[in-house]
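K.L.:
Structure provided below as structure tokens; questions to follow.
The values are calculated or read from the model by the stated rules, or taken from the named source; none is laboratory data. Given the structure is predicted, the values throughout are model-derived calculations rather than measurements. Cβ coordinates were reconstructed from backbone atoms using ideal geometry, including for glycine residues, and neighbour counts include every protein chain displayed.
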Amino acid sequence: MATKKVRSTARDMSISVWSTVTVKPIHRMCWGISQLTCSPGMCGIRYAANATLSQVYRKSKPSFPLGLARNSPTRKSRSTRSGVSEHRMTPSLDQTNRPSMKRAVALIVVSLLLASCAMPDAHRPPPVPEVKAAYTDKEVKYPVLYGTSRMPNSAKTAYLDERAARVHYGRVIVTIPKGRLTGSLGEQGVFSTRDTRLAIADGNIELHSQDSFMALAKSQLGAAGDPESGYLLVFIHGYNNSFEDAALRAAQLGFDLHVPPNNMMFFSWAANKNYRKYTHDEATADASEIHLEAFLKTVRATAGGRKIHIIAHSMGNRPLLRVISRMQVLPGEKKPFGQIILAAPDVDRDVFMHYGQNYLKVAERTTVYLSPFDFALQLSQDVHFYPRVGCGDKPQAEIKDIENVVSFIPEDFPSHTYVASTLPLLNDVKNLFVNGKPARQGAAWKAHPTYWTVGQTRPLVRSSCSALPG
């Protein structure tokens, strides 16, 4: 009896010591892990952890939690050949199935790791107001600041599709009519006179010098300390866009993302409003790099410490990629940009793999959005015979720490403006701007080891884009 009591006491003490030196530090470690956002990388760890957990359970199957059984071993006797009775210790059932200390530790770590992404995060930023499908309840005049490398017309009232020798600055007042649906540029009724299309009224394109532009921006920007208004957003359009097209899209994005008036800006390079002039626009996009670089320097000088986010769409990614590649950030210097959104980038995959790492040195976070339904980029891919970064049902170019989001959300032909027109992506972009991290929750979102998907992952109707070999 005394021996059994001593053994029991020693066993209780060993459990207590094991809990103190092992469980508590692991608990503290996993509490720290639980503060992390469940990124594709973390969820990749979860997948591996899930497999490990299954193996631990299969191999151990303890009847006492963690396999720390308290059953005493049983004593069996048998006779040897010499006839002498020999006693042998036989482990109990619990001891036979008891996992090793390493398996027990793995069980705790893996369990908490699996739970970490599902745990409520006390330090998670509050959710931002959701972008919802709604009609504007009244007409809105929304001001957007701009820089352009286009030539103005002779009356200085509009801009042409011709290249200028310098950047022109100014502001556009865009009218957003009552009844316009979120994510759209509006529409004209077929059987009614109602017209909800965004428009620029005569006289609402202002031209400014660089100095007056900066003075206007500084006087009109929202409060720098407010997370909802303490940033600037720059939109760079793609091919086959006029100056007016770029202004309307910038206003739609700014209004739907709740960017304060005058905090929304755009850069318009001299793309031609003609879908047949694709090669013309390619050459002009290259020629606009120096002007985009000058405009971004002006915006940085105007920002007053506010974060600067960028959305580059389609061919507009090409000059941005080159400009970013030339930027120098000194050690210890603050990164000049917050979020950079590469929306349906019409960029060669190999070129992006060569230059894309430069985004990491100038931006806090960079996200690529692509789609398998993008007909415009499928044509570009057919023309160039090489994959485009924004075209596919999986990432075409994966660079460590640059996120990829594949959208399977159906959109009207040519399915090229989904980042600006679909609610899940508008909400994703808004959370990135306001909180610095995405809020990819719900059945539509799925995390893969190295990227995200949103929408039905199996194409339902058509799939324009597919990965090319090589």
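K.L.:
If the Cβ limit is 8 Å and pairs must be 6+ apart or interchain, which residue in segment 278-302 that is of a type in the set (D, E, K, R) pairs with which residue that is outside any helix (DSSP H, G or I)?
P.N.:
From residues that are of a type in the set (D, E, K, R), the pairs are Asp281/Tyr239; Asp281/Asn240; Asp281/Ala271; Asp281/Asn272; Glu282/Tyr239; Arg300/Ile308; Arg300/Pro336.
K.L.:
If you don't mind, there's one more thing I want to ask. Looking at segment 416-452 only, could you name the residues that are surrounded by 22 or more Cβ atoms within 10 Å (Cβ to Cβ) and over 28 Å from Pro260 (Cα atoms)?
P.N.:
Trp452
K.L.:
Only one residue in Tyr239, Tyr275 is surrounded by fewer than 17 Cβ atoms within 10 Å (Cβ to Cβ), farther than 23 Å from Ser154 by Cα and in the same structural domain as Met151 (by TED's automatic domain parsing). Which one? First the steps, then the outcome.
P.N.:
Working: Tyr239 fails: surrounded by fewer than 17 Cβ atoms within 10 Å (Cβ to Cβ).
Going through Tyr239, Tyr275 in turn, the sole match is Tyr275.
K.L.:
Continuing with this model, one more query. State whether the residues of segment 384-402 include one that is among the aliphatic types (A, V, I, L, M), out of contact with any Ser or Thr (no Cβ under 9 Å at 6 or more places or on another chain), crowded, with 17+ Cβ neighbours inside 10 Å and under 24 Å from Leu253 (Cβ atoms).
P.N.:
Checked against the condition, which is being among the aliphatic types (A, V, I, L, M), out of contact with any Ser or Thr (no Cβ under 9 Å at 6 or more places or on another chain), crowded, with 17+ Cβ neighbours inside 10 Å and under 24 Å from Leu253 (Cβ atoms), segment 384-402 yields at least one hit.
K.L.:
Okay, moving on. Touching a residue at least 24 places away in the same chain (Cβ under 8 Å), over 23 Å from Val389 (Cβ atoms) and in the same structural domain as Val434 (by TED's automatic domain parsing): does that describe Gln328?
P.N.:
No, not satisfied.
K.L.:
Taking Phe375 as meeting all but one of (1) at pLDDT 95 or above; (2) over 22 Å from Thr182 (Cα atoms), write down the number of the exception.
P.N.:
Only one criterion in (1) at pLDDT 95 or above; (2) over 22 Å from Thr182 (Cα atoms) is unmet by Phe375, namely (1).
K.L.:
Going residue by residue through segment 221-236, is there one that turns out to be touching a residue at least 40 places away in the same chain (Cβ under 8 Å), more than 24 Å from the chain's Cα centre (by Cα) and assigned by TED's automatic domain parsing to the domain that holds Arg300?
P.N.:
yes
K.L.:
Given the condition closer than 27 Å to Ala224 by Cα and touching a His at 6+ places or on another chain (Cβ under 6 Å), answer yes or no: does some residue in segment 407-428 qualify?
P.N.:
Scanning segment 407-428 turns up no residue that is closer than 27 Å to Ala224 by Cα and touching a His at 6+ places or on another chain (Cβ under 6 Å).
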